[in-house]
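Bear in mind that the values in this text are calculations on the coordinates, not laboratory data. Model, not experiment: these values are computed from the prediction. Cβ placement follows ideal geometry from the backbone for every residue including glycine, while neighbour counts extend to all protein chains displayed.
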Amino acid sequence: MTVDTRLEALEAAGLLHQRPEEVTAPLFCSGNRFFLGADKAQVKYEMLRAHLVEGMSVTEAAATHGYSRPSFYLSQQAFGLRGMAGLLDEAPGRRGPVKLTEEVLSYLLAAPPGLSGARLADEVEERFGISLHRRTVERARQRR
């Protein structure tokens, strides 16, 4: 795989490092094509390895890999919880309506079809103490 095709694949997958020019770690500056400063997951992994295996300080490991100290700690935590998958960014944004729990959704889906979203939102607030917009209720009922 050429560097260009690798960069294309990384871009398509959303795995390009935002600041590859700030990656100054020796592995990435050695001229070895295996180590690519634009490969976000590889850079994060090597940043963690530099600290944990080589004993580099967190500040230095983060800086030489183009990350901040808080980013280092977030990467370390994600790696600890999910392994290599933790080094991949998740899609931005919420993962669905936060207030729409399974219990509330079951209640909405069991309601008679003729009830309006506004009326159901009022019932949910009375019953569960959760304020939902009528459109949230309507969308939830349409999906199922």
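What to note about this one:
- Fully extending the segment from GLU102 to ASP122 would add 5.4 nm, taking 0.36 nm per residue of separation and subtracting the current Cα-Cα distance.
- Debye intensity ratio in log₁₀ form over the Cα atoms of region 102-143, taken at each q of 0.18 Å⁻¹: -0.39
- Net length gained if the chain between GLU60 and CYS29 were fully extended (0.36 nm per residue, minus Cα distance): 9.6 nm
- Among ALA85, HIS51, SER116 the positive-end extreme of the charge dipole of region 47-144 (Cβ point charges): SER116
- The calculated P(r) of the chain, using every Cα pair and 10 Å bins from 0, goes 10, 30, 17, 13, 17, 11, 2 in percent.
- Annotation: average projected area of region 12-51 is 2.9 square nanometres, based on the convex hull of Cα atoms across all directions.
- Extension gain, ARG134 to GLN77, is 16.7 nm, computed as 0.36 nm per intervening residue step minus the present C-alpha separation.
- Placing +1 on each Lys and Arg Cβ and -1 on each Asp and Glu Cβ, with no other charges, gives region 3-87 a dipole about its Cα centre of roughly 260 debye.
- For the chain, built as a Gaussian network whose Cα springs stay under 10 Å, the top-fluctuating residue of PRO112, PRO20, PRO70: PRO112
- Calculated FRET efficiency for the pair ASP89/GLN142, C-beta based, R₀ 35 Å, to 0.05: 0.70
- Taking HIS65, HIS17, HIS133 in turn, the Gaussian network model of the chain (Cα-Cα springs below 10 Å) assigns the largest fluctuation to HIS133.
- Restricting region 22-76 to trypsin sites (Lys or Arg not before Pro) in coil, as DSSP defines it, with at most 16 other Cβ within 10 Å: ARG33
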